[in-house]
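The values are calculated or read from the model by the stated rules, or taken from the named source; none is laboratory data. Everything numeric here is computed off the predicted structure, so don't read it as measured data. Here the Cβ positions follow ideal geometry from the backbone for every residue, glycine too, while neighbour counts run over all protein chains shown. When the accessible area is computed, the model is the full protein with side chains, heavy atoms only, and any ligands, DNA or RNA have been set aside. Shrake-Rupley method; radii C 1.70, N 1.55, O 1.52, S 1.80 Å.
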Amino acid sequence: MQPDQVLEKILLARGLRHSAPRAVITQELLKLEGHLTAEELHRRIQRRHPRIGLATVYRTLRLLSENGLCRELRLEDGTARFEPGQAEEHHDHLICTRCGCMLEVVDPEIERLQDKLFRKHGFSPQRHHMELYGICRKCRK
Ligand SMILES: [Zn+2]
Ligand SMILES: [Zn+2]
Ligand SMILES: [Zn+2]
């Protein structure tokens, strides 16, 4: 099922309409690569849809992340960034504290050790997000 169809189902189940703004915001988010704040996404959308407000963008992003259609990253600097993708497309992040770039990484070994940690403490794993902060290669030069 396409993310857009998934969203439609969720909205219907909650008695919400799949409104045009929600569709626009969802499409725009899914189209983008990367890790945007609600404000950044709002700016992009505004070029073609000046009537969609920031509050609507926020609400839609919340809705998407609550339903597993995007991920909300709460970073150390206090910003919330959103990225498309469902749980099965898991990755973690290396984050540069100078330029703010984010590198997507997955290490099977670390993933395995995290599962081990879950089991050791009697947890059944649901999700995790690993953020490693440092200075990127470009900024180190
Ligand atoms: Zn991971
Ligand atoms: Zn950097
Ligand atoms: Zn990412």
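Summary of computed values
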read-out: Sole exception among (1) more than 16 Å from ligand 2 (Cβ to nearest atom); (2) open to solvent by less than 70 Å² (accessible area, probe 1.4 Å); (3) in contact with a strand residue (DSSP E or B) (Cβ under 6 Å, 6 or more places away or on another chain) for Ile95, by number; value: (1)
read-out: Sole residue being aliphatic (A, V, I, L, M), assigned to a helix (DSSP H, G or I), open to solvent by 30 Å² or more (accessible area, probe 1.4 Å) and modelled with pLDDT under 80, chosen from Leu12, Leu30, Leu7, Leu16; value: Leu12
read-out: Some residue of the range 104-119 being farther than 12 Å from His35 by Cβ, modelled with pLDDT under 90 and within 16 Å of ligand 2 (Cβ to nearest atom); value: no
read-out: Failed item in (1) away from ligand 1 (no atom under 16 Å from the Cβ); (2) in a loop (DSSP other than H, G, I, E, B); (3) surrounded by fewer than 11 Cβ atoms within 10 Å (Cβ to Cβ), with Phe123 passing the rest; value: (1)
read-out: Residues within the range 72-88 that are more than 16 Å from ligand 2 (Cβ to nearest atom), touching a strand residue (DSSP E or B) at 6+ places or on another chain (Cβ under 9 Å) and open to solvent by 60 Å² or more (accessible area, probe 1.4 Å), tallied; value: 2
read-out: Answer residue from the range 33-52, given it is open to solvent by less than 60 Å² (accessible area, probe 1.4 Å), within 16 Å of ligand 3 (Cβ to nearest atom) and assigned to a loop (DSSP other than H, G, I, E, B) and is farthest from Glu104 (Cα to Cα) among those; value: Thr37
